[in-house]
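Q: To start, I am sharing the structure in question, which I have written as C-alpha cells.
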Amino acid sequence: MVQSTKIRRFGLALSGGTLKAAAHVGVLSALEDLGFHPDCIAGTSAGAIVASLYAHGYRPAEMQQMIIKFPGVQLLDYGFPLLSSLLNYWRYRLPALKGQNELTLAYGLIRGKKLYHYLDNLLKKRAARMPYYVIATDLWTGKPITFTNDPARPCWPDMNDIQKPAAVVMGSCALPGILTPVTYSPYLLADGALRHYVPVDVLRQAGCRRIVAVNLYRLDQNWQPQTFVHVLVRSLDILLQETVDQDTVGKDVMVLQPSIKEISWLSINHMRVNAVAGRVEVYGQADRLRSFLSSPD
C-alpha cells in the first residue's frame, strides 16, 4: 500500500498550456488574496514552470512582473530539425562513428537552450520552500515520470529527486517535434502532458485530501473543419480531452477552468489577459472553493 508520512489537506495541480499558463499566475494571486495556500503543488509542462517558481519562493506579484518583462521570441533558438536529423542519420551509418555509445538527439524545431538558461537563472537563485512535483514522460518506456523535492513522498516507482530543477522542468515542457527532448539518465524526457495533462494523481498519492486542479484545455465547441489537417488535429484534441477527464475525476478534486485567450510567441501581450482570467475564475468560484476546502473528509 502506498503511504505518505504526512497527511496534507490542499494540493494544487497546474495543467499544461504553453504561454496560456500565465493564467496559473492569476490563479495563485487570487488564491493567496482569499487566504488559500496550497500545502504542495504539482505542474505539467508549462504548469511545471509556474509550480516550480512558486515552490522556490517567487510570489504571484513577482511572477506578474516576469509576465510583463517576458522575453518572448528572444528565448527561441531554432533547431534546424531537418538538418540535424540528416546529420544524425549519417552519424549512425558511418563506420567510423558506429561504435560511439553516446546518444545524439536530432533537435526539435526549438533547441531549448535559451529557455533552459532562462529557467536555470531563475531557479538557481533560490532554494525550494515547499514540496513540489514535476511530471514528464519518458520516451524510452512511455511511462509518466515524477520528480520531487518532497522528503515525505510516496515510495512508488518512477519517483525521483529533483537534482536539476531547470532540466526536469524543461523535460516536462518538451513537446515532441517542437522542443528537443531532455536526456536525464536513465530517462529521455518529453512533455508530461502526453500522460497527465493535469497532474492530480501525484498529489493524491502524496496525501492531499483536497485537490484544486487548474485546467487550461477546453475542446472547441465551434469547430469547423476545412482541411484534412483540421480533422487530424481534432482527433488529437479528443484524445487530450479524454486524458483531462481521466485526470480530474473524483470527489476530492475541484476543477478551475479560466476563460483564456489563445496566444502565440508573437502575441505575448495576451499573457497579461490570461493572468487576469485566472484571477476572475478564482473569485467567481470563491464560495465553492471555501466550501470545498473546508469540508470534512
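The values are calculated or read from the model by the stated rules, or taken from the named source; none is laboratory data. All figures in this text were calculated on a predicted structure; none of them were measured in a lab. Here the Cβ is made from the backbone with ideal geometry for all residues, glycine too, and neighbour counts use every protein chain on show. Ligands, DNA and RNA are stripped out before the accessible areas are found, and what is left, the full protein with its side chains, is counted by its heavy atoms. Shrake-Rupley method; radii C 1.70, N 1.55, O 1.52, S 1.80 Å.
Q: Summing +1 for each Lys or Arg and -1 for each Asp or Glu, what net charge is found among the other residues whose Cβ lies under 12 Å from the Cβ of residue 282?
A: Overall, the nearby charge balance is -1.
Q: Order 8, 218, most accessible first, counting only protein heavy atoms with a 1.4 angstrom probe.
A: Highest to lowest solvent-accessible surface, that is 218, 8.
Q: Pairs of Cα atoms under 8 Å, at least six residues apart: use those to get the relative contact order of the stretch 122-199, whole percent.
A: So the answer I get is 32 percent.
Q: Excluding residues on the same chain fewer than 8 positions from residue 114, give the aspartates and glutamates whose Cα lies under 14 Å from its Cα.
A: Partners found: 77.
Q: Excluding ligands, DNA and RNA, what is the solvent-accessible area per residue of the stretch 3-74 at a probe of 1.4 Å, expressed in Å²?
A: Here the residues of the stretch 3-74 average 32 Å² of exposed surface.
Q: Sorted by mean Cβ packing within 10 Å, highest first, what order do the peptides 181-194, 22-35, 229-242, 63-76 take?
A: Result, highest mean Cβ count within 10 Å first: 22-35, 181-194, 63-76, 229-242.
Q: Related question: How much accessible area per residue does the stretch 114-233 have, in Å², with a 1.4 Å probe?
A: Ligands and nucleic acids excluded, the figure is 48 Å² per residue.
Q: With all protein chains present, how much of the accessible area of the stretch 157-297 (probe radius 1.4 Å) comes from carbon and sulfur, to the nearest whole percent?
A: That share works out to 56 percent.
Q: Based on the mean of other beta carbon atoms within 10 Å per residue, what is the order of 118-129, 38-49, 204-215, 250-261, most packed first?
A: Peptide ranking by packing, descending: 38-49, 204-215, 250-261, 118-129.
Q: Around residue 78, what is the net charge, scoring Lys/Arg as +1 and Asp/Glu as -1 over all other residues with Cβ under 15 Å from its Cβ?
A: Around residue 78, the surrounding residues sum to +2.
Q: If you project the alpha carbons of the stretch 199-275 onto the principal axes, what extent comes out on each, in Å, largest first?
A: In descending order, the Cα extents are 45, 30, 18 Å.
Q: Report the net charge of residues surrounding residue 132, where surrounding means a beta-carbon distance below 13 angstrom and charges are Lys +1, Arg +1, Asp -1, Glu -1.
A: Computed value for this residue: +1.
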